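The values are calculated or read from the model by the stated rules, or taken from the named source; none is laboratory data. Treat the numbers as computed from the prediction; the structure is a model and nothing was measured. Every residue, glycine among them, receives a Cβ derived from its backbone with ideal geometry; neighbour counts consider all protein chains shown. Note: accessible area is taken over every heavy atom of the protein model, side chains too, but ligands, DNA and RNA are not part of it. Shrake-Rupley method; radii C 1.70, N 1.55, O 1.52, S 1.80 Å.
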Amino acid sequence: MATSVRPLAGRRLLVGVSGGIAAYKAVELVRLLAKPIADGGAGAAEVRVVMTRSARRFVTPLTFQTLSGHPVGTTLWDLTQESEIGHIALAQRAEVVIVAPATADLIGRYAGGLADDLLTTILLATRAPVLVAPAMNPVMYAHPAVQANVATLRQRGVVIVEPEVGPLASRAEAADAGPGRMAEPAAIVEAAEDLVTPKDLAGLRVLVTAGPTREPLDPVRVLSNRSSGRMGVAIARAARRRGAAVTLVAGPMEVPPPTGVEVVRVETAAEMAEAVLGRAEAVDAVVMAAAVADYRPVKAADQKIKKVDGEDGIRLDLVRNLDILAELGRRRRDWRTAGRRGPVLVGFAAETADLVHHARAKLAAKGVDLIVANDVSAPGSGFGSETNAVVLVRGDGTADERPLAPKSEVADAILDRLRELVAEA
Ligand code: PMT
């Protein structure tokens, strides 16, 4: 199964907005959901918005209508609205319902099974998965009544996107600490994407490495490279979304790790080696997307290296680091000799010429199952970019060339192949 598109693309979504100041964030949420993938959105073809009466005190329906391109549902009792698309039709058409923000009142009415307005009626009448993003004063959110209602919804299969700790929009509420601020729109989109993604990697444990390593020269300088961590993070996120239990061994990355994965932070190649080798036998697959330093200074200076008057340069003495992937290949051979399976091994190859030729050589030399070769000199590909163009080189030598695509799509293509490899192992 190919899963290489954003999971909400082309879906029919219904966004319910209830009356809190965080309604302004729902504007951004609808914008993201309705935006095409090419513009950085989730690519949803149809977003319908339903607002409660109090939501309309914070944001006008016209705002949502303009962004979604569809009339906004506001009441059960308007004959024109009902004749255009009735509340039952809205409930039945929706493939996912997202309530953001969800106030204490809305959560209470939903948990209590009330259907006294358009949104609560739809919530009872839909068979679609429902995602609720609470937003309220932290003291209210901590109240046992609200917590009991949230627990009831969760028990019924509703996904709660937990509110965050942080300053609230209302200046009057700045003093109360604790979760209450609505999750960011991007996090709600991500939760909705998780909800609709088939869990075809459920039961698998996957270890992913990401980012550069840093080899200290002295207390202030390092040897490193341009890896941002985006490729590894995209793989970790996609694997978690598809149901795998993911460990991300992360060098000093530019981007945050995805939520819902175990993160092991490392700095040097030696630390990465220890983190990976210590965990490898307990996982089903290892994906080495990190750009690991091949060499480190023989000895890091204790003090900052000073310029010496009259000298044009200095010499750095470097020593080879362990090749983690090759070591994994060696250990797996031993495990297999001893009757143990060992993980599927996926490596990368960052090349600037003769891509497939070098990738085949690395595959054989390191004893791995798949090499993801990327031409890091091609525009939009490799280090730092949001996109990558790769060739998947397999153990039998065949090469599957993938076009330039967002790293999230490249990640899914790699995981499609990884899934087959785990099944064959
Ligand atoms: O992080 P981004 O900005 O998104 O960029 C992504 C990327 C360009 C870093 C990524 O796509 C990539 O190519 N990663 C591998 C980079 C690399 O180190 O390639 P290599 O050809 O030097 O190494 C081959 C393989 O051996 C890699 O899987 C690497 O992780 C592994 N290796 C390398 C050296 C070493 N000491 N130990 C290793 O395990």
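Over all Cα atoms in the stretch 135-290, the spread is summed up by Rg and Dmax: 19.3, 57 Å. Could you tell me whether the stretch 358-425 comes out rounded, prolate or oblate from its Cα gyration tensor? Rule is a ≥ b ≥ c as square roots of the eigenvalues, rounded for a/c under 1.5, then prolate if a/b exceeds b/c, otherwise oblate. In terms of gyration-tensor shape, oblate. Binned at 5 Å from 0, what are the whole-percent values of the Cα-Cα distance distribution for the stretch 1-146, short to long? Histogram of Cα-Cα distances, whole percents per bin: 2, 10, 20, 23, 21, 13, 7, 4, 1, 0.
Which of the trypsin sites (Lys or Arg not before Pro) across the stretch 99-205 are loop residues per DSSP, with 14 or fewer other Cβ within 10 Å? Passing sites in the stretch 99-205 are Arg127, Arg156, Lys199. Loop-located chymotrypsin sites (Phe, Trp or Tyr not before Pro) across the stretch 70-171 with a Cβ neighbour count of 11 or fewer within 10 Å are Trp77, with loop assigned by DSSP. Mind telling me which of Ala350, Ala148, Ala234 comes out most flexible in a GNM of the chain, alpha-carbon contacts under 10 Å? For the chain, modelled as a Gaussian network with Cα springs under 10 Å, the answer is Ala148. For the stretch 299-373, the gyration tensor built on C-alpha atoms gives an oblate shape. Its axis ratio a/c (a ≥ b ≥ c) is at least 1.5, and a/b is not larger than b/c. Given an 8 Å cut-off on Cα distances and at least 6 residues of separation, report the relative contact order of the chain as a percent. Reported as a whole number, the value is 12 percent. Comparing mean-square fluctuations of Ala285, Ala104, Ala125 from a GNM of the chain with C-alpha springs under 10 Å, the top value falls on Ala125. For the stretch 317-392, trypsin sites (Lys or Arg not before Pro) meeting the loop criterion (DSSP other than H, G, I, E, B) and having at most 14 other Cβ atoms within 10 Å: Arg340, Arg341.
Of the accessible area of the stretch 1-62, computed with a 1.4 Å probe over protein heavy atoms only, carbon and sulfur atoms account for 55 percent.
Take the stretch 97-159 with all the other protein chains still there, run a 1.4 Å probe, and you get 39 Å² of accessible area per residue. Amide H contacts for Leu318 (H built 1.01 Å from N in the peptide plane; partners 5 or more residues away or on another chain; cut-off under 5 Å): Val298.
Excluding residues fewer than 8 places away in the same chain, name every one of the lysines whose C-alpha is closer than 28 Å to that of Lys366. Here the lysines satisfying the reach criterion relative to Lys366 are Lys299, Lys407. Of all DSSP bridge pairs formed entirely within the stretch 208-336, close to 35 percent run antiparallel. Based on C-alpha pairs under 8 angstrom that are at least 6 apart in sequence, the stretch 1-150 has a relative contact order of 25 percent. Taking every DSSP helix (H) stretch of at least 4 residues in the chain, weighting each as -39,500 (n - 2.57) and dividing the sum by the residue count yields a mean residue ellipticity at 222 nm of -10000 deg cm²/dmol. To the nearest µm²/s, what D does Stokes-Einstein give for the chain at 10 °C and 1.306 mPa s, using the Kirkwood radius over alpha carbon pairs as Rh? So the translational diffusion coefficient is about 66 µm²/s.
Taking a ≥ b ≥ c as the square roots of the eigenvalues of the alpha-carbon gyration tensor, the stretch 284-425 is classed oblate because a/c is 1.5 or more while a/b is no larger than b/c. Of the solvent-accessible surface of the stretch 342-425, computed with a 1.4 Å probe over protein heavy atoms with every protein chain present, carbon and sulfur atoms account for 51 percent. Of interest is the spacing of the C-alpha centroids, which for the stretch 269-297 and the stretch 188-212 amounts to 20 Å. Expressed to the nearest 5 percent, the antiparallel share of DSSP beta bridges inside the chain is 30 percent.
With protein chains left intact and a 1.4 Å probe, residues in the stretch 187-270 average 36 Å² of accessible area per residue. Surface exposure of the stretch 327-425, expressed per residue as accessible area with a 1.4 Å probe, stands at 46 Å². Considering only Gly313, Gly367, Gly108, the Gaussian network model of the chain with Cα springs below 10 Å gives its largest mean-square fluctuation to Gly313.
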